[in-house]
Amino acid sequence: MDRMKTFLKYALWVVAFAILSEFLINVGLNSMYKQIERKDEIQQVQIQQAEATLVNGRMKGTIDTTNIDKQYVRIDLFSKRGVFLGKKYIQLQKAQSKQDFSIYFELEDVKSYQVSLVNEKEEGELELIPKEWTKPEIILATAITLLIFW
């Protein structure tokens, strides 16, 4: 019976540690993101989330494609002093009246962005970064890491 109590105590400690870690990681990561400023007035592109840290960023929004005759939405990213840092393209899908998008980028010190509508892509687009991991993906990766290093 004592062995079972000890096992339950350890199990509770592990669960408590996992919950505390998850909370601290989420609070820590999300508090590092700061809003970035928009420099244009294009009404067809609504940005719900535009945030960046010192080394990366994320943007999420919706595009109303009904009155757009262009092929791509171009998002230019700028530093605090207005220096061009990079660009991302979103291909428009004319079959849908509304198109949701999310982009992730790795750039240092992004403070503002500008949206424009274009027909062609230019060279030099930022590399594609995978989407943010979901909680099950994070748990699976953590379990695999623990199994490898245990």
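The values are calculated or read from the model by the stated rules, or taken from the named source; none is laboratory data. Quick caveat, the model's predicted, so the values are computed rather than measured. Methodologically, a virtual Cβ is constructed for each residue, glycine included, from the backbone with ideal geometry; neighbour enumeration extends over all protein chains shown.
General observations
- Given (1) in contact with an Asp or Glu (Cβ under 9 Å, 6 or more places away or on another chain); (2) modelled with pLDDT of 90 or more, index of the condition LEU12 fails: (1)
- Residue in the stretch 68-83 that is of a type in the set (Gly, Ala, Ser), in contact with a strand residue (DSSP E or B) (Cβ under 9 Å, 6 or more places away or on another chain) and at positive phi present: yes
- Failed criterion for ILE138 (all others in (1) assigned to a loop (DSSP other than H, G, I, E, B); (2) closer than 30 Å to SER21 by Cα hold): (1)
- Close pairs from the stretch 115-143: first over 10 Å from LYS88 (Cα atoms) and modelled with pLDDT under 80, partner among the polar types (S, T, N, Q) and part of a strand (DSSP E or B), Cβ under 9 Å, at least 6 apart: LYS131/SER102; GLU132/SER102
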